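A.B. asks: This structure is in structure tokens; I'll ask about it shortly.
Read the figures in this text as sums done on the coordinates, not as results from a lab. All of these numbers come straight from a predicted model, not from anything done at the bench. Cβ sites come from the backbone with ideal geometry, for glycine too, and all protein chains shown count toward neighbours.
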Amino acid sequence: MSSVPFHYIDLRTFCYATEDDQRVEDALRLFLPEEFEITRADSTGHHGDRILILSARVENADEMRAVLESLEDLPEEEFAQVEDELDERVTENTEFFLTLSKQAAFNGAVERGDGITFRAKVEAYPAKKEHAIDNVASMLESL
């Protein structure tokens with residue numbers, strides 16, 4: 001993949017009181033370049049329980065390529081489903097959303113599921129949903 005059709009990629013997950021902070025961070029790091037900085041923010045749940053928000057914004061093209069290369073490990077049928085759902089996964093604001101399984105990432109695997117949110121701001125000129133969908137489709141084909 002020579003060019004990256006994104007302005008940036010955001011990855012975010014929540015670490016609940018019942019989870020180990022380091023394991024959740026390791027799961028998020030599965031999708032990030034080595035030694036990439038993760039931002040931590042403390043929050044409180046409805047019942048007063050601790051929630052740690054772990055997030056990373058990737059803006060450098062080489063680092064975004066590393067994140068996108070991690071998506072190559074999605075099972076083929078899940079990858080095909082993402083391609084089929086692009087109209088629902090790309091917003092009018094030219095953002096591409098994908099949710100990844102935190103549990104699978106704990107185990108070193110890449111699968112669609114809940115727990116880790118992948119959000120990418122798509123480069124599209126003019127900034128229209130149709131152009132963004134075309135750019136994401138081209139990127140997915142190149143993986």
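A.B. asks: Does Ala66 qualify as being small (Gly, Ala, Ser), within 16 Å of the chain's Cα centre (by Cα), closer than 17 Å to Asp10 by Cβ and not in a strand (DSSP E or B)? Talk me through it step by step, then tell me what you get.
C.D. replies: Numbers: small (Gly, Ala, Ser): yes; within 16 Å of the chain's Cα centre (by Cα): yes; closer than 17 Å to Asp10 by Cβ: yes; not in a strand (DSSP E or B): yes.
So Ala66 fits the description; yes.
A.B. asks: Which of the residues belonging to the stretch 80-106 are among the hydroxyl-bearing types (Ser, Thr, Tyr) and surrounded by 16 or more Cβ atoms within 10 Å (Cβ to Cβ)?
C.D. replies: Within the stretch 80-106, Thr94, Ser101 meet the criteria.
A.B. asks: Starting from the stretch 97-115, take each residue that is free of Cβ contacts under 8 Å to residues at least 60 places away in the same chain and more than 25 Å from His7 (Cα to Cα) and list its partners that are acidic (Asp, Glu) and part of a strand (DSSP E or B), counting only C-beta distances under 8 angstrom and pairs at least six apart or across chains.
C.D. replies: Matching pairs, first to second residue: none at all.
A.B. asks: In the stretch 22-42, what residues are without any contact (Cβ under 8 Å) to a residue 60 or more places away in the chain and either touching a Pro at 6+ places or on another chain (Cβ under 7 Å) or outside any strand (DSSP E or B) (or both)? Walk me through it before giving the result.
C.D. replies: Of the residues in the stretch 22-42, the ones without any contact (Cβ under 8 Å) to a residue 60 or more places away in the chain are 22, 25, 29, 32-42.
Selection gives Gln22, Glu25, Arg29, Leu32, Pro33, Glu34, Glu35, Phe36, Glu37, Ile38.
A.B. asks: Does Ala41 meet the test of being touching a Ser or Thr at 6+ places or on another chain (Cβ under 9 Å), surrounded by fewer than 16 Cβ atoms within 10 Å (Cβ to Cβ), under 15 Å from Thr117 (Cβ atoms) and not aromatic (Phe, Trp, Tyr)?
C.D. replies: Judged against the criteria, Ala41 is a match.
A.B. asks: Which one of these is without any contact (Cβ under 8 Å) to a residue 60 or more places away in the chain, surrounded by 11 or more Cβ atoms within 10 Å (Cβ to Cβ) and more than 24 Å from Gly108 (Cβ to Cβ): Glu59, Glu19? Before the answer, list the steps.
C.D. replies: Numbers: Glu19 fails: more than 24 Å from Gly108 (Cβ to Cβ).
Going through Glu59, Glu19 in turn, just one is without any contact (Cβ under 8 Å) to a residue 60 or more places away in the chain, surrounded by 11 or more Cβ atoms within 10 Å (Cβ to Cβ) and more than 24 Å from Gly108 (Cβ to Cβ): Glu59.
A.B. asks: Only one residue in Leu54, Leu71 is over 13 Å from Ala120 (Cβ atoms), surrounded by 11 or more Cβ atoms within 10 Å (Cβ to Cβ) and either in contact (Cβ under 8 Å) with a residue 40 or more places away in the chain or touching a Lys or Arg at 6+ places or on another chain (Cβ under 6 Å) (or both). Which one?
C.D. replies: Numbers: Leu71 fails: over 13 Å from Ala120 (Cβ atoms).
Leu54 is the lone residue from the list that is over 13 Å from Ala120 (Cβ atoms), surrounded by 11 or more Cβ atoms within 10 Å (Cβ to Cβ) and either in contact (Cβ under 8 Å) with a residue 40 or more places away in the chain or touching a Lys or Arg at 6+ places or on another chain (Cβ under 6 Å) (or both).
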